[in-house]
1. Summing +1 for each Lys or Arg and -1 for each Asp or Glu, what net charge is found among the other residues whose Cβ lies under 11 Å from the Cβ of residue 190?
2. Compute the distance in nm between two label points, each set 7 Å from the Cα along the Cα-to-Cβ direction, one at residue 129 and one at residue 74.
3. Please report how many Lys pairs in the chain have alpha carbons closer than 28 angstrom, counting only residues at least 8 apart along the chain or sitting on separate chains.
4. Using Cα atoms only, what is the angle between the long axis of helix 192-204 and the major principal axis of the chain, expressed in degrees (0 to 90) to the nearest 10?
5. In Å², what does the accessible area per residue of the range 28-100 work out to with a 1.4 Å probe?
6. Using a 1.4 Å probe over the heavy atoms of the protein chains, calculate the carbon and sulfur portion of the accessible area of the chain as a whole percent.
7. Helix 125-151 against the longest principal axis of the chain: what's the angle in degrees, Cα atoms only, rounded to the nearest 10?
Amino acid sequence: MTSTQRPSRQHVDEHRIFSALPETLRERVLARAEIVEIDRGETLFHEGDPARRIFLCEAGQLKLYRLAPNGNEKIIALLQPGSTFAEATMFMEERNYPVNCEALKASRLVAFDADDCVAMLREDVDACFKLMAMFSRRLRQRLTDIEALSLQNATLRVVNYLLQLQHQQDASEQLELPTSKKHVAGLLALQPETLSRVFAQLQEGGVIQVSGRRIRILDSERFNDITYGLAIS
């Protein structure tokens, strides 16, 4: 899994934690970082494994997920290039990964030494506060996600997910799902057939057009109205 190639200074500067560190500490981070390459379907870590590294996704796509006692999979997050993950494990009393991580595409990651990062955060208060600010933003997003899964019907979940994609992709009408519909359904806690029914309903209502992973918004006004609970007519 570990590549013979070495991370660059840019990898350190792009990380939301390390970019706040002074020059000497960034050089220290870089000296202990590694490039990790994994194939599609390969597991990066399992739930309960010792959390010795934190990661930056440079290329590819991964999923974080947990398995229910009945074996059903719940996708926690889909990770795209530029995503950082596993930072919260540095503050756990027992530092183990709380989820599984698997590559959905062949992926290239930068792995940082978590033990050394903890030692550095003890030395740099500004970096600690920056990390806490990042956790606060993620917590707000998780609360929004929990609210959506608890209170919103399937149509609202799908439309709000597409609205998030609009923002992320800086798009107006043409969107592209970043992964398969099966994994989108898992992220939204829907059965794949339920997601297909929602897409079909929206398409039949003239709100969107679906072609594979490409979604074209045909009626922006009605599309946005759905988020306020207005029925499709």
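1. Neighbour charge sum, excluding residue 190 itself: +3.
2. Roughly 3.5 nm, to one decimal.
3. Close lysine pairs found across the chain: 10.
4. Long axis of 192-204 versus the principal axis of the chain: about 50 degrees.
5. 49 Å²
6. Taking all protein chains in place, the chain shows 49 percent carbon and sulfur surface.
7. 20 degrees
The values are calculated or read from the model by the stated rules, or taken from the named source; none is laboratory data. If you're wondering where the values come from, they're calculated on a predicted model, not measured in any experiment. Note that each Cβ is placed from the backbone with ideal geometry, even for glycine, and that neighbours are counted across all protein chains shown. Ligands, DNA and RNA are stripped out before the accessible areas are found, and what is left, the full protein with its side chains, is counted by its heavy atoms. Shrake-Rupley method; radii C 1.70, N 1.55, O 1.52, S 1.80 Å.
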